[in-house]
1. Please sort 91-99, 45-53, 159-167, 117-125 by packing, taking for each peptide the average over its residues of neighbouring beta carbons within 10 angstrom, highest first.
2. I'd like the projected area of region 229-277, averaged over all directions, using the convex hull of its alpha carbons. Report it in nm² with one decimal.
3. Could you sort 174-182, 4-12 so that the peptide with the highest average Cβ count within 10 Å comes first and the rest follow in order?
4. Assuming a ≥ b ≥ c are the square roots of the Cα gyration tensor eigenvalues, decide whether region 1-79 counts as rounded (a/c under 1.5), prolate (otherwise, with a/b larger than b/c) or oblate.
5. Mind ordering 245-256, 183-194 by average Cβ neighbours within 10 Å, highest first?
6. Output needed: Cys residues of the chain lacking any neighbouring Cys C-beta below 4.7 Å, sorted by number.
7. Can I get the semi-axes of region 90-144's equivalent ellipsoid? Compute them from the C-alpha gyration tensor as square roots of 5 times the eigenvalues, in angstrom, largest first.
8. Tell me which lysines have Cα within less than 24 Å of K110's Cα, excluding those fewer than 8 residues away on the same chain?
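The values are calculated or read from the model by the stated rules, or taken from the named source; none is laboratory data. In this text, all values refer to a predicted model and were calculated from it rather than measured experimentally. Positions of Cβ are backbone-derived with ideal geometry, glycine not excepted, and every protein chain shown enters the neighbour counts. The area values use the complete protein model at the heavy-atom level, side chains included, leaving out ligands, DNA and RNA. Shrake-Rupley method; radii C 1.70, N 1.55, O 1.52, S 1.80 Å.
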Amino acid sequence: MEASRWVRSADGTIKAVLRLEDGVEIESVLLRPSPRRWTACVSSQAGCGLACAFCATGLMGLRRDLVADEIVGQASFWRRQLQGEGPQNLVFMGMGEPLANFDEVAAALKRLTAPKGGFAPSRIAVSTAGVVPAIERFAQELADFPLAVSLHAATDAVRDRLVPVNRAYPLAPLAVVLRKYLARSRRKLMVEYVLLEGANDSPHDARALIDYVGGLGSSERVHVNLIDYNPTATRFAPSPEARAAAFHAQLRRAGLAATRRRNRGRDVAGACGQLIL
């Protein structure tokens, strides 16, 4: 697997366009959260079929699933570029919905955590927009891996608009399988929440998120990552700083572990929600 082109951000993030054997291209991103640590953000599909309203990858639609070789190949690609000095962590947060490609993702995870794979399960986080049957299977088969759920709203009325998979798998059944994951896993559950001006960033939205996380039953093992919206070709805008800070403060006052996640790679369209070909 080789790059057909790549670009480096001012913050050190590197985004590569990787050409697969059949000519299909994907994007994969290498981030440097700290001077001693690299994280590779890998794709599990070419494009994505879930069409989240604010995500550039959803505008592509789904071109095809990746096979395990192509998923593992991204980690190997970045390892070659770093000459064996990393990456130390992997996140399945690139193109695609990982749990919509469950079997190939599971096979890749097993290879990546085998003795020759070089990664501990705790170093690989898998993201999902909320595919309930697949999360239940993940809880049964892959509970040793950290799970990140892209929530983005904690009421069905709002989430139906932002994350269309919610129409098939609403928040109540999603909570049921997230509780199963928390019961079976030693890992923390990460809740991803992109802040969109006027869409999901009100005090009422924050209160709904507090209640939803509290209803999972193990809120001390849930960490909320608040994400500034990264510009894409959609109608959304980022929450103003004061509004985002107030949202964060409301979560913290309620006792939730919540972080404003620092964006990386925005200037090269390599940040959360920006990957598109």
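1. On the way: 91-99: 25.9, 45-53: 21.0, 159-167: 18.8, 117-125: 16.8.
Ranked by mean Cβ neighbours within 10 Å, highest first: 91-99, 45-53, 159-167, 117-125.
2. That works out to 4.1 nm², a quarter of the Cα hull's surface.
3. Details: 174-182: 19.9, 4-12: 13.9.
Most protected by this proxy first, the peptides run 174-182, 4-12.
4. oblate
5. So the order, starting with the most tightly packed, is 183-194, 245-256.
6. So, C41, C48, C272.
7. In descending order, the three semi-axes are 19, 12, 10 Å.
8. By straight Cα distance, K110 reaches K180, K188.
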